[in-house]
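This report refers to the structure that appears directly beneath it.
The values are calculated or read from the model by the stated rules, or taken from the named source; none is laboratory data. All values derive from a computational prediction rather than experimental measurement. Note: ideal-geometry Cβ built from the backbone for every residue, glycine included; neighbour counts use all protein chains shown.
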Amino acid sequence: MTIIEWLKKRGYEVHDDMYPYIDRWFDWYQGKVKGFHDYLIYNGTNKISCSRKSLCMAKQVCQDWADLLLNEKVHINHPDQKTQDFIVQVLNGNNFWVRGNQAVEDAFWSGLVACVPYPDGVVLSGDGRIVEATGIRLFFSVGRQIIPLTVENGECTECAFTTETKIGGKTYTVMQMCVLENGLYTIYNRVFDTTHSDLKEIENPASISQFAHIAAKWETGMDIPPFVFLRPNLKNNIDPLSPFGVSVFSGALDILRGLDTVYDAYINEYLLGKTRVMVQTEALNFESGRPVFDPNDVAYYQLPTGQGNPEKPYIEPIQPQIRAEAMQTGLNDSLNLLSMRCGFGERHYKFTDTNVTTATQVISENSHMFRTLKKHEIVMDAFFKGLARLIVRYGREYLKLSLTDADITVDFDDSIIEDKTSVMNDMRLDVSAGLLKPEVYISKKYNVSVEEAREMMPGVKPEYVFAGGAE
């Protein structure tokens, strides 16, 4: 029995139609697809097992989107400083800027990632309910670890999440079931022994020290989901009513096949194009009945006795022509197609000297990549706001902190859109020409207010007049 079968036996309508697609996307994300990268070829006599080379560009695409959307330049702003400090403290305590970046990468290959905040260091009541806690932990689930239970118009309102762990040679699966009861969310935690093919539920998880902190039942008291989803901002064209999204390269699988086919041919072009030296038997010197040259030298090929052509030299080098330029053209065409299909626009990737390089030029605000970046930032913004709301709620409820509910804002990294070095150079020239106040330049360079910039300027009198009038 599987966990999905266990849930179905208890009356849950599990929505698992997207799992076969997620498995296929994961194979491409790993860079080795069974039946494509491992294949057979008939050489006229036998079927030979072959392994096709892979550029692993599916992972590169997801990695690049993660680096653009969630990096060290992203900031969360809350109007209440104490509340903002707490949110940042929780995120830093969970190594969020590393795990969050990985979660974005996972979302872009799988179509969906879930983050479930959970009180840590909990004190449980006699019936196993959470009374208080010492911190907040963040759990991430991806792909098959997410099991939608109730879906309404494409939105998942009830969901289960699974996590595997190994203890003493055994494999255990912890499942969190977030379900609605009387309009409020309750989380049920179940632990299963999944070491063998048969599923075995652990009746008393507290008997295992690693699971002693898990509450069997947690009544959150919330009417909002205790989880937040992150997915690429792409329409699911496989199952439009599924809560799962689609991989960012789901529409580029044929391009990925073509790309690895061309790359494999490119590498084989060099392998098959190595110089060979055909040597007739008469040209070989023998000592004690053995040839003098090294028989392990693959550059030489000894023709069978009597098979040589007397009209040709005894030693004839063969140097096949390597079609490197044509192969590189094919690779760059495929990379350009992949870049366009995955939202980067034209020429984001380029193949030169057996390496794939990424474009670093500044993009314009009307480019394909800029529009796609802003489109994905919409779902990132909703993810951050939903996560922050849950963190504040748990901090107030279980850590007994005085925190404020308010709308947060998220500052994303726009450095790829604006070449800041060029902008600062232009501003400095404008200051030298008397076209710009120096405090505006300082404010921009050091990210401070204009008033603070004035104080930083040497020899400025208090009555300094700023453009627009005196203070």
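The set of residues in the stretch 175-199 being more than 30 Å from the chain's Cα centre (by Cα) and among the β-branched types (Val, Ile, Thr) consists of Thr186 alone. What do you reckon, is Val131 surrounded by fewer than 13 Cβ atoms within 10 Å (Cβ to Cβ) and either in the same structural domain as Glu13 (by TED's automatic domain parsing) or assigned to a strand (DSSP E or B) (or both)? Taking the combined requirement at face value, the residue satisfies it.
Once the stretch 147-189 is narrowed to residues that are hydrophobic (A, V, I, L, M, F, W, C) and surrounded by fewer than 15 Cβ atoms within 10 Å (Cβ to Cβ), the residue that is farthest from His15 (Cα to Cα) is Ile167. Filtering Phe244, Phe211, Phe227 for residues that are over 20 Å from Gly121 (Cα atoms) and of a type in the set (Phe, Trp, Tyr) leaves a single hit, Phe244.
Does Thr162 fit the bill of being in contact with a Ser or Thr (Cβ under 8 Å, 6 or more places away or on another chain), in the same structural domain as Phe192 (by TED's automatic domain parsing), of a type in the set (Ser, Thr, Tyr) and part of a strand (DSSP E or B)? Yes.
Can you confirm whether the stretch 92-106 contains a residue that is part of a helix (DSSP H, G or I), without any contact (Cβ under 8 Å) to a residue 24 or more places away in the chain and within 18 Å of Gly386 (Cα to Cα)? Yes, that holds for at least one residue. For the stretch 43-82, filtered to residues that are farther than 30 Å from Lys385 by Cα and more than 29 Å from the chain's Cα centre (by Cα), the residue that is surrounded by the fewest Cβ atoms within 10 Å (Cβ to Cβ) is Gly44.
Exactly one residue among His213, His196 is part of a loop (DSSP other than H, G, I, E, B), surrounded by 15 or more Cβ atoms within 10 Å (Cβ to Cβ) and not aliphatic (A, V, I, L, M), and that residue is His213. Pairing each residue of the stretch 394-413 that is more than 28 Å from Leu69 (Cα to Cα) and in contact (Cβ under 8 Å) with a residue 40 or more places away in the chain with any residue that is hydroxyl-bearing (Ser, Thr, Tyr) and surrounded by fewer than 17 Cβ atoms within 10 Å (Cβ to Cβ), provided the two are 6+ apart or on different chains, yields C-beta distances under 9 Å for Tyr398/Thr134; Leu399/Thr134.
When the test is whether a residue is among the β-branched types (Val, Ile, Thr) and either in contact with an Asp or Glu (Cβ under 9 Å, 6 or more places away or on another chain) or at pLDDT below 90 (or both), Thr281 passes it. List the number of the failed condition for Pro243; all other conditions in (1) out of contact with any strand residue (DSSP E or B) (no Cβ under 6 Å at 6 or more places or on another chain); (2) part of a loop (DSSP other than H, G, I, E, B) hold. Pro243 satisfies all of (1) out of contact with any strand residue (DSSP E or B) (no Cβ under 6 Å at 6 or more places or on another chain); (2) part of a loop (DSSP other than H, G, I, E, B) except (1). Number of residues in the stretch 30-39 that are farther than 12 Å from Arg257 by Cβ and out of contact with any Cys (no Cβ under 7 Å at 6 or more places or on another chain): the value is 4.
Scanning the stretch 366-420 for residues that are among the polar types (S, T, N, Q) and either in contact with a helix residue (DSSP H, G or I) (Cβ under 7 Å, 6 or more places away or on another chain) or modelled with pLDDT of 95 or more (or both) yields a total of 1. Quick one: is Ile238 farther than 30 Å from Leu68 by Cα, part of a loop (DSSP other than H, G, I, E, B) and not assigned by TED's automatic domain parsing to the domain that holds Arg341? In short, no.
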